[in-house]
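Just below is one structure, and these are the notes that go with it.
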Amino acid sequence: MKARAWVFVAPWAAGLAVFTLFPFVSSLYYSFTDYSVLRPPTPAGLANYGELAADPIFRRALGNTFLYAAMALVPGILMALGLAKLLNARVRGTSFYRAAIYIPHLVPTVASAILWMWMLNADSGLINSILRPLLETVGWKPPTFLGDERLAGLDFGRREVIFGALPSLALMSLWGCGQMAIIYLAKFQEVPQELYEAAELDGAGPLSVFLHVELPQISPVILFNVVMGIIGTFQIFAEPFILTNGDGGPNYATYLVPMFIYQNAFEYQRMGYACAAAWLLFGLIALLTLAAFRIGQKRVYYAGE
């Protein structure tokens, strides 16, 4: 590479080294130390990882993270796929609908969290303002959303609809599925027209066309969205932090691994312990991503192969 080219590459390379590579490598080192930021690190071997294995709060956070990922990722992918299918229809006003679905993704995270905090307010929120009159006519109470540590269901003894804090957090994640829907839509529009014509000649119905023509064609995009969804859902931090005022309540119901890492690093000054938790989270995401790719090798159709 010519010296002139290095002049243009150097700012990016310096930023990558200082703000990405150095923190990445140093966090691995700190995970094997007792480090409080205020004092020099001292070697601790595998003590941090052993403590994490026995830490009930970390295990609770890990379980919540898996549960949240399941509740947010699968419905999000299915909802985005359904929206993309609807947006692919040739109807008037399609451009408006596409913009309307994508706009929530552009709302800043903090603004979106504050909006949903109001919507999910048990006393004066928008959702309960609609549900309360309907439920009270049959003698039932509306859900308390962020104030309930339970998941979802019906409490017949108290005649109460249950929709707890963690499902509420997953419900909020559907707000931003417009980006995923637009990606699906772009792939839908790349499906060769001759495949639709061949399916029509064979007498295939809409469901058969979707399952045997469209779904294989868009499967690479489904794999992409699954991988990005895994990475995103396991790293979510801002939304639960804002909605629960930073405590992951009620009773640790929305306490996720990223919040555990944040509190140990910056509130308890246990940076080494937090780095160990971060590396465990990194390994978990890497394993799940690898599993998604392994499954994708058998399920994903690539044109020309």
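Using the structure shown, decide if residue 243 is surrounded by 17 or more Cβ atoms within 10 Å (Cβ to Cβ), of a type outside the set (S, T, N, Q) and touching a Phe, Trp or Tyr at 6+ places or on another chain (Cβ under 8 Å). Yes. Taking the criterion of being within 11 Å of residue 276 (Cα to Cα) and among the hydroxyl-bearing types (Ser, Thr, Tyr), the residues of the stretch 24-34 that qualify are 27, 29, 30, 31, 33. For the stretch 168-209, taking the residues that are in contact with a Lys or Arg (Cβ under 9 Å, 6 or more places away or on another chain) and modelled with pLDDT of 90 or more, the one that is surrounded by the most Cβ atoms within 10 Å (Cβ to Cβ) is identified as 184. Of the residues that sit in the stretch 239-269 and are without any contact (Cβ under 8 Å) to a residue 40 or more places away in the chain and in a loop (DSSP other than H, G, I, E, B), which one is farthest from the chain's Cα centre (by Cα)? That would be 268. Residues that are free of Cβ contacts under 8 Å to residues at least 12 places away in the same chain, within 22 Å of the chain's Cα centre (by Cα) and not in a helix (DSSP H, G or I) within the stretch 113-131 are absent altogether.
Of the helices (runs of 4 or more DSSP H) lying entirely inside the stretch 1-99, the ones with 2 or more residues being under 30 Å from residue 268 (Cα atoms) and of a type in the set (D, E, K, R) are found at 56-87. The set of residues in the stretch 132-162 that are over 28 Å from residue 113 (Cα atoms) and either touching a residue at least 60 places away in the same chain (Cβ under 8 Å) or in contact with a His (Cβ under 9 Å, 6 or more places away or on another chain) (or both) is empty. Across the stretch 37-67, what is the total count of residues that are under 15 Å from residue 276 (Cα atoms), surrounded by 16 or more Cβ atoms within 10 Å (Cβ to Cβ) and in contact (Cβ under 8 Å) with a residue 40 or more places away in the chain? Looking only at that region, the number is 8. For the stretch 184-207, a residue qualifies if it is among the polar types (S, T, N, Q) and either touching a His at 6+ places or on another chain (Cβ under 7 Å) or closer than 17 Å to residue 81 by Cβ (or both), and exactly one does: 189.
The values are calculated or read from the model by the stated rules, or taken from the named source; none is laboratory data. On a predicted model such as this, the values are computed, not experimentally measured, just so you know. Neighbour counts run over all protein chains shown; Cβ positions are idealised from the backbone, glycine included.
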